[in-house]
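The values are calculated or read from the model by the stated rules, or taken from the named source; none is laboratory data. For clarity, every value in this text was computed on a predicted model and none was experimentally measured. Cβ atoms come from the backbone with ideal geometry, glycine included; neighbour counts cover every protein chain shown.
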Amino acid sequence: MNFKRIEAIFFIAFIVLDIFLFVSYSQKDDAVISTTKSTNENSLSSVLKSIKGDQITYGELSNKKGEGFYISSSTRNNLQESISSLQGQTVSYTNHKIVGLFGDPIKIKKTSRPQTTLNSIVSDETKIVKGQKYRYNENLSTKNTVVYTQIIHGTPVYMTNGQIRFNIRNGYVTGYSQGVLSDIEVLQERPIISQERAVIWLYQYNKIINNSSVEWVKLGYTKLLSVNNNIVYIPTWVIAVKSNSTGNTQYRRINAFSGAIMDESDSIN
């Protein structure tokens with residue numbers, strides 16, 4: 001499919017999506033819309049004060065705006081063609097992802113900084129395919145899973161089909177799964193909202209529970225929609241919200257172009 005056809009189909013789908021969102025919010029989210037309008041009449045500092053009044057804490061939030069791109073990626077990738085170059089592991093290919101199991105588990109030298117060990121693994125073409133496309137992501141990593149995200153136009157991919165996810169057991173890397181966005185095309189550039197605005201809108205959508213902490217707010221690519229054999233990705237503010245009572249963390253997504261809340265069924269990890 002050529003670029004112009006992808007672009008035409010994308011914008012038709014996007015218009016339909018915009019109409020759906022408008023009708024949906026008009027009918028079902030009058031309270032949210034009313035709150036949003038009232039925000040325009042009050043200062044941002046007043047809204048942030050209300051957030052604190054609900055026992056919601058957050059760190060410093062930038063009010064800087066920027067530019068971002070819609071991009072498309074083919075659902076087909078060539079990872080499978082590169083499997084033969086991998087060594088020292090048992091490899092399979094499932095659902096457009098490589099799954100590798102190391103014959104000799106790799107010891108993490110410093111558990112608080114797993115990237116000091118894994119950076120050399122990721123850059124080794126006999127261990128990881130196209131590792132130069134990925135960077136360590138501290139926010140998504142845990143003691144059991146270390147995540148490297150694919151970087152596109154300086155922005156990380158916050159979905160598993162653009163990540164390497166290393167499995168950690170008793171201080172050793174036992175294996176990994178890897179997905180990659182390929183045949184990437186830039187569809188359009190648009191201004192994006194600020195980090196501060198994203199948190200405010202998430203609060204107005206009642207998606208930040210009381211007595212919680214906004215752990216981090218990061219800009220990354222996540223899925224918007226599928227068009228034939230392509231997936232359209234959009235710059236997204238990904239917001240980690242941790243409940244102070246349960247300790248559980250939820251990941252919320254805000255469209256960095258429009259400020260609309262995005263489908264929570266698409267997991268980022």
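Miscellaneous remarks
- Meets criteria (in contact (Cβ under 8 Å) with a residue 12 or more places away in the chain, surrounded by 21 or more Cβ atoms within 10 Å (Cβ to Cβ) and under 15 Å from the mean Cα position of the chain (by Cα)) for T149: yes
- Here T142 meets each of (1) under 22 Å from the mean Cα position of the chain (by Cα); (2) surrounded by 12 or more Cβ atoms within 10 Å (Cβ to Cβ) with one exception, condition (2).
- The criterion of at least 1 residues that are of a type in the set (S, T, Y) is met by the following strands (runs of 3 or more DSSP E) wholly inside segment 48-156: 56-58, 66-74, 89-94, 134-137, 145-152.
- Failed criterion for K110 (all others in (1) touching a Ser or Thr at 6+ places or on another chain (Cβ under 8 Å); (2) at pLDDT 95 or above hold): (2)
- Restricting Q178, Q115, Q150, Q163 to those that are closer than 29 Å to R253 by Cα, of a type in the set (S, T, N, Q), in contact with an Asp or Glu (Cβ under 9 Å, 6 or more places away or on another chain) and modelled with pLDDT of 95 or more reduces the list to Q115.
- Residue within segment 43-50 that is under 24 Å from K242 (Cβ atoms), among the polar types (S, T, N, Q), at pLDDT 80 or above and out of contact with any His (no Cβ under 6 Å at 6 or more places or on another chain) present: yes
- Residue that is farthest from P191 (Cα to Cα) [pool: residues in segment 70-92 that are surrounded by 12 or more Cβ atoms within 10 Å (Cβ to Cβ) and in contact with a Leu (Cβ under 7 Å, 6 or more places away or on another chain)]: Q89
- Qualifying positions in segment 233-242 - under 14 Å from the mean Cα position of the chain (by Cα) and either buried (at least 21 other Cβ atoms within 10 Å of the Cβ) or basic (K, R) (or both): Y233, I234, P235, T236, W237, V238, I239
- Applying the condition of being crowded, with 21+ Cβ neighbours inside 10 Å and β-branched (V, I, T) to segment 209-231 and asking which residue is farthest from S72 (Cα to Cα) yields V217.
- Yes/no for T111 being under 21 Å from the mean Cα position of the chain (by Cα) and among the β-branched types (V, I, T): no
- Reported count of residues in segment 179-234, each being within 24 Å of Q163 (Cβ to Cβ), small (G, A, S) and part of a loop (DSSP other than H, G, I, E, B), is 1.
- For segment 188-198, a residue qualifies if it is crowded, with 19+ Cβ neighbours inside 10 Å and either modelled with pLDDT of 95 or more or touching a helix residue (DSSP H, G or I) at 6+ places or on another chain (Cβ under 6 Å) (or both), and the qualifying residues are I192, I193, Q195, A198.
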